[in-house]
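Visitor: Structure provided below as structure tokens; questions to follow.
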Amino acid sequence: MPRYNPADIEPRWQAYWEANQTFATPDLPTGKKRYVLDMFPYPSGDGLHVGHPEGYTATDIVSRFARLRGESVLHPMGFDAFGLPAEEHAIRTGEHPRIQTQSNIDNFTRQLKMLGFSYDWDRALATTDEKYFRWTQFIFLVLFETWFDTDQQKGRPISELPIPAEIQQQGDVAIRQYVDSKRLAYLDDALVNWCPKLGTVLANEEVVDGKSEVGGHPVKRIPLRQWMLRITDYAERLLEGLEDLDWPTGIKKLQSDWIGRSTGAEVDFYVGSEDQFQAWKSQRSVAEFPVQPGSDALRVYTTRPDTLFGATYMVVSPEHPMLESLTSDQQAAAVKEYCEKASFKSDRERTEGDREKTGVFTGSHAINPVNGKPIPIWVADYVLAGYGTGAIMAVPAHDERDFAFAVKYELPVIAVVDPPEDLPNRDEILAGKACFQAVGQAINSGPMNGFSTPEVKSKIAASLSQDGLGTEAVNYKLRDWLFSRQRFWGEPFPILHELDSEGNPTGAMRGVDPSELPVRLPELSDFKPHGRPEPPLAKADDDWLYVTLDGKRYRRETNTMPQWAGSCWYYLRYIDPDNEQALVDPEKEQAWMGVDLYVGGAEHAVLHLLYSRFWHKVLHDRGHVTTAEPFLKLVNQGMILGEVEYSGYQDQDGKFVSAKLVRKAADGGRETKDGRQVTAVAIADDLVEKKGENFVLKSDPAVRVESRAHKMSKSRGNVVNPDIVVNEYGADALRLYEMFMGPLEATKPWSMAGVGGVRNFLDRVWRMIVDDQQDELVLQSALTDQPCDEEQNRMLHGTIKKVTEDTDEMSFNTAIARMMEFTNFFTRQESRPIEAMKSFLILLSPYAPHLCEELWKILGQDGCIANQTWPSYDEAALVQASIEVPVQFNGKVKTKIQLPPDAVVDAMIEAALADDKVKSLLGDKTIVKKIAVPGRLVNLVVK
RNA sequence: GCCGAAGUGGCGGAAUUGGCAGACGCGCUGGAUUCAAAAUCCAGUUGGAGCAAUCCAGUGAGGGUUCGAGUCCCUCCUUCGGUACCA
């Protein structure tokens, strides 16, 4: 009768924790604090997926473990609730997105509570809450009111921006434009995907192959005035800040590659006639390198100024401002046509496919500043407008892209770096028939010949700088952040655009007064697109859209913020979720920040983490937070795949084809190596057997089948629903299984049988304490008040030690394995000391909290196990009188001897040599060397 | 192409960081219990040879360093993930 029944136990303890506020977090920590954070979910209509509880269980264990060790723990949860699916639903049904969003949040909350996570639910928030996005809007205003001081490397109030005298002289409009151009949040034209047929602007992921995902209508890229955030100003700080973070090195590298710092030089090439070159050069040499190159020079950025002598042509991007003036009349038509074609290509098209390089000669030449030689200027879309100066000097001998282009258009290739002599294709390189991108010795480089690449770099940089022709420069791949979306379901911008008496925008704008926040979303009768290339908020009534302030009329900004906005700072709001005076109280912020552990999926490795860090640094500069970095330690949980599946391939006649003969087809499907199409079919486990390295059909071992776990997806039908797992095995079993599968960071396949295995363990724990043979709830008669004997004590303290260390290191799978060993051991014991059982339950309680609470109560203990103290272990209890030590001959184990654990090297060797087995194995061989590692082994090198 | 991670029994995975390879769990085999089954308990389970004691091989492949390598170094193969002309 008294079987372990999670369906009864779990809801009861969840209700208990809630009623008793067991996990309520104090406003300020007492003693050591720990902030343990999950990446909050987007509450989709599908509900929780078994991937979610993986990270959540890990952080829950860490939180419960820390509480048991007396720390103050902040462990909150919330919802990243703005997003496209809810808006699409609203467009279809006319129902306000808030309604579906709320019901999804309710469902997520129910599922999360069902798993027994120890969140402080009073701190829960959703980014869609007005009292939350009020502060998201506030932070936007901070960005709007801040400029970046490059000298101080710091964001400062816009009121402190120095206005250059020449701007001052031009009057108020010029000053206003200057100020607006320096804000961290600024307006700029950016391309959007406009679909005239749908009458709406589409997100990049809604566009497939240049057509709308819905309906397959053509999509045009048109420029729209949009908000940008000047994250590039913070590139250097974002890069430097990575160093001290306890993050996986892979993630740090991804971020640092994304920021993409490179160092090199900017160099000006004269674009006038050859006979004017010397005059231009001498004019340049008397002044410093100018901020702007002027109309007679083309400025390039290069990381290899040492190859300047090998520049045989130049390329400007199709969007380059000087292109028109560089284009000759003869080439005008061709250039115009080329640029038009390039403008129609989306970013994808420009980068996808074989990337055959294309370009057109502009008709003009520039003069290489180091040797005075004229070289042709081309326009080509392999040069990007947004990077460096949007123009390059092409050195085909030492750059793969330039080389490919030069080969195609038969431009000269001059080697200026001599590769190491042992390089197999050195002769080809020197002859200009191959490309070499590494370093070597300069050749064909006039006065630089013979010097090494680094030497030439610094020499050329110095001489260019001296002559006012170039300067050292740093560039970043990171681009400014396009921060507006043409969507309804997002945070409105707290910005007003001034209108003139005709109702036209004057270009002036102001932020909404912070005391007037939030700017709520307008009420709309429906959410259908209005058909203009403008955001949906433009559909709002005039009441919402127009504002009169101080006698001036304004129109509200109608773009909304992207989903990133709400997730950029939610970790701060958990600290002080109800504060109406500030986004977070400074005292509380100082006490709880930074986040001591942040767990989430690697898909957010770059953008979310980078954006958050950027906002945090701005808030730090402007005095809203005290910490320089938000997330001190980061862990990425691995993906959970579906159950392992076997699949075979059948040709069109239904005959099986060995997987060995199948390859990926160009269209993404599968085909045989001779090009016949095949289809994958699922094969039942019992029709398959292992043969050598692979699995084959039992009925035809010549047919190899694939054995693989796939990503969970609706279309594949292999999604595991946590509701069903909890229903069948219990929440504790689900939690435990997710942790027992393998290391947290690893990608691993789901196995329902594995869940059964850990459930079996929980049953054993139950039966170790409760006698389930009886009709009534009775303790096992083996339980005793006696203390542990020596062996039991060693098992107990060994388990405390292992579980403490492994939990601390988040090596949950091995901690669980040890607790299984404990249970196996004590189940065999005729006498089970209650003290040992109690300590064990505390160890297990972060992992399987409901079961442990119940058993704690059954053992007659007062209160709740969550409020107990983590046991400590006694090192002395771990010592054994005698240990088994292997004796190796030449590194191979031959026998084992018993030794005291503290035996020293000499004693170990002596004991090994005295052993009968060793003597007989030794025979007449001679011992060359004797090695002993105390407590571990003896190794004899024999001949 | 480039970057990153990983390859260990039938399967998921352990291995105090250079020291007994396969902990723990699943699965499988045998046994106990049962009228029978479920459940439970006990034993076994890397492969090969042998009645056996035992011996040989073995951590993707090949080489190297070392008394000793799953672990370190070099070359290669495979899988997964990310990324895309950033001069």
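The values are calculated or read from the model by the stated rules, or taken from the named source; none is laboratory data. Nothing here was measured: the structure is a model prediction, and the numbers come from that model. Cβ sites come from the backbone with ideal geometry, for glycine too, and all protein chains shown count toward neighbours. Heads up: the accessible areas ignore ligands, DNA and RNA and are worked out on the full protein's heavy atoms, side chains in. Shrake-Rupley method; radii C 1.70, N 1.55, O 1.52, S 1.80 Å.
Visitor: Of all residues in region A:285-324, which are closer than 17 Å to A:Val335 by Cα and among the polar types (S, T, N, Q)? Walk me through it before giving the result.
Guide: Of all residues in region A:285-324, those closer than 17 Å to A:Val335 by Cα come to A:313-324.
A:Ser317 - this is the single residue of region A:285-324 that is closer than 17 Å to A:Val335 by Cα and among the polar types (S, T, N, Q).
Visitor: Right, here's the next one. Could you go through region A:247-254 and let me know if any residue there is away from RNA strand B (no atom under 14 Å from the Cβ), without any contact (Cβ under 8 Å) to a residue 24 or more places away in the chain and under 14 Å from the mean Cα position of the chain (by Cα). First the steps, then the outcome.
Guide: If we filter region A:247-254 for residues that are away from RNA strand B (no atom under 14 Å from the Cβ), which is where we start, we get none.
No, there is no match, as no residue in region A:247-254 is away from RNA strand B (no atom under 14 Å from the Cβ), without any contact (Cβ under 8 Å) to a residue 24 or more places away in the chain and under 14 Å from the mean Cα position of the chain (by Cα).
Listed here are the residues, each with its yes/no results for (1) modelled with pLDDT of 90 or more; (2) in contact with a helix residue (DSSP H, G or I) (Cβ under 8 Å, 6 or more places away or on another chain).
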| residue | (1), (2) |
| --- | --- |
| A:Leu687 | no, no |
| A:Gly692 | no, no |
| A:Asp700 | no, no |
| A:Ser707 | no, no |
| A:Val719 | yes, no |
| A:Asp723 | yes, yes |
| A:Leu734 | yes, yes |
| A:Phe740 | yes, yes |
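Visitor: Residues in region A:601-613: is at least one at pLDDT below 95, in contact with a Cys (Cβ under 6 Å, 6 or more places away or on another chain), open to solvent by 10 Å² or more (accessible area, probe 1.4 Å) and on the phi < 0 side of the Ramachandran plot?
Guide: Yes - at least one qualifying residue is present in region A:601-613.
Visitor: Evaluate the following for A:Asp674: is it more than 13 Å from RNA strand B (Cβ to nearest atom), farther than 17 Å from A:Met752 by Cα and of a type in the set (Asp, Glu)?
Guide: Judged against the criteria, A:Asp674 is a match.
Visitor: Is region A:868-875 home to any residue that is open to solvent by 10 Å² or more (accessible area, probe 1.4 Å), within 16 Å of RNA strand B (Cβ to nearest atom), farther than 30 Å from A:Leu734 by Cβ and not β-branched (Val, Ile, Thr)?
Guide: Yes: one or more hits.
Visitor: Separate question: Go over the candidates A:Gln773, A:Gln786 one by one and state the one that is exposed (fewer than 15 other Cβ atoms within 10 Å of the Cβ) and modelled with pLDDT under 90.
Guide: Checking each option against the conditions leaves just A:Gln773.
Visitor: Go through (1) of a type in the set (A, V, I, L, M, F, W, C); (2) surrounded by 22 or more Cβ atoms within 10 Å (Cβ to Cβ); (3) in contact with a Ser or Thr (Cβ under 6 Å, 6 or more places away or on another chain) one by one and return the number of the condition A:Met639 breaks.
Guide: With respect to (1) of a type in the set (A, V, I, L, M, F, W, C); (2) surrounded by 22 or more Cβ atoms within 10 Å (Cβ to Cβ); (3) in contact with a Ser or Thr (Cβ under 6 Å, 6 or more places away or on another chain), A:Met639 is out only on (2).
Visitor: So how many residues does region A:558-574 have that are within 24 Å of A:Phe144 (Cβ to Cβ), assigned to a loop (DSSP other than H, G, I, E, B) and under 27 Å from the mean Cα position of the chain (by Cα)?
Guide: So the answer is 6.
Visitor: Among the helices (runs of 4 or more DSSP H) lying completely within region A:27-128, list those that include at least 1 residues that are at pLDDT 95 or above and open to solvent by less than 10 Å² (accessible area, probe 1.4 Å). Let's see the steps before the verdict.
Guide: On the way: elements: A:52-68, A:84-93, A:97-114.
By residue number, A:52-68, A:97-114.
Visitor: Under the condition of being touching a strand residue (DSSP E or B) at 6+ places or on another chain (Cβ under 9 Å) and among the β-branched types (Val, Ile, Thr), which residue from region A:692-725 is farthest from RNA strand B (Cβ to nearest atom)?
Guide: A:Val703
Visitor: Tell me, which residue of region A:821-840 that is open to solvent by 30 Å² or more (accessible area, probe 1.4 Å) and under 21 Å from A:Val758 (Cα atoms) is nearest to the chain's Cα centre (by Cα)?
Guide: A:Glu821
Visitor: Tell me which residues, restricted to region A:681-721, are under 21 Å from A:Glu671 (Cα atoms) and either touching a residue at least 60 places away in the same chain (Cβ under 8 Å) or outside any strand (DSSP E or B) (or both).
Guide: Result: A:Asp700, A:Pro701, A:Ala702, A:Val703, A:Glu706, A:Ser707, A:Arg708, A:Ala709, A:His710, A:Arg716.
Visitor: While we're looking at this one, here's another question. Among the numbered conditions (1) closer than 27 Å to A:Gln21 by Cβ; (2) under 33 Å from the mean Cα position of the chain (by Cα), tell me where A:Pro871 comes up short.
Guide: Every listed condition holds for A:Pro871 apart from (2).
Visitor: Quick check on my filter: what residues within region A:136-147 are touching a residue at least 40 places away in the same chain (Cβ under 8 Å) and open to solvent by 10 Å² or more (accessible area, probe 1.4 Å)? Spell out the reasoning first.
Guide: Filtering region A:136-147 for residues touching a residue at least 40 places away in the same chain (Cβ under 8 Å) gives A:136-146.
Residues satisfying the conditions are A:Phe138, A:Leu141, A:Val142, A:Glu145.
Visitor: Going by what's in this entry, would A:Val904 be described as β-branched (Val, Ile, Thr) and either at positive phi or within 13 Å of RNA strand B (Cβ to nearest atom) (or both)?
Guide: No; evaluated as a whole, the condition is false for this residue.
Visitor: Here's a check for you: in region A:614-663, which residue that is more than 30 Å from A:His604 (Cα to Cα) and in a loop (DSSP other than H, G, I, E, B) is nearest to the chain's Cα centre (by Cα)?
Guide: A:Ser658
Visitor: Quick check on region A:14-23. Is at least one of its residues at pLDDT 95 or above, farther than 30 Å from A:Phe527 by Cβ, crowded, with 18+ Cβ neighbours inside 10 Å and within 32 Å of the chain's Cα centre (by Cα)?
Guide: Checked against the condition, which is being at pLDDT 95 or above, farther than 30 Å from A:Phe527 by Cβ, crowded, with 18+ Cβ neighbours inside 10 Å and within 32 Å of the chain's Cα centre (by Cα), region A:14-23 yields at least one hit.
Visitor: So how many residues does region A:730-756 have that are open to solvent by 40 Å² or more (accessible area, probe 1.4 Å) and more than 30 Å from the chain's Cα centre (by Cα)?
Guide: 1
Visitor: I've got another one for you. Tell me which of these A:Gln880 doesn't satisfy, since it passes every other one: (1) open to solvent by less than 90 Å² (accessible area, probe 1.4 Å); (2) of a type outside the set (Asp, Glu); (3) within 30 Å of A:Asn20 (Cβ to Cβ).
Guide: (3)
Visitor: Scan region A:155-172 and give yes if some residue there is under 31 Å from the mean Cα position of the chain (by Cα), open to solvent by less than 20 Å² (accessible area, probe 1.4 Å) and not β-branched (Val, Ile, Thr), otherwise no.
Guide: Looking for residues that are under 31 Å from the mean Cα position of the chain (by Cα), open to solvent by less than 20 Å² (accessible area, probe 1.4 Å) and not β-branched (Val, Ile, Thr), one finds at least one in region A:155-172, hence yes.
Visitor: In region A:894-943, which residue that is surrounded by 14 or more Cβ atoms within 10 Å (Cβ to Cβ) and of a type in the set (Gly, Ala, Ser) is modelled with the lowest pLDDT?
Guide: A:Ala903
Visitor: Hey, another quick one. Let me spell it out: the conditions are (1) away from RNA strand B (no atom under 16 Å from the Cβ); (2) free of Cβ contacts under 8 Å to residues at least 12 places away in the same chain; (3) over 30 Å from A:Tyr737 (Cα atoms), and A:Ser920 meets all of them except one. Which number is the exception?
Guide: Every condition holds for A:Ser920 apart from (1).
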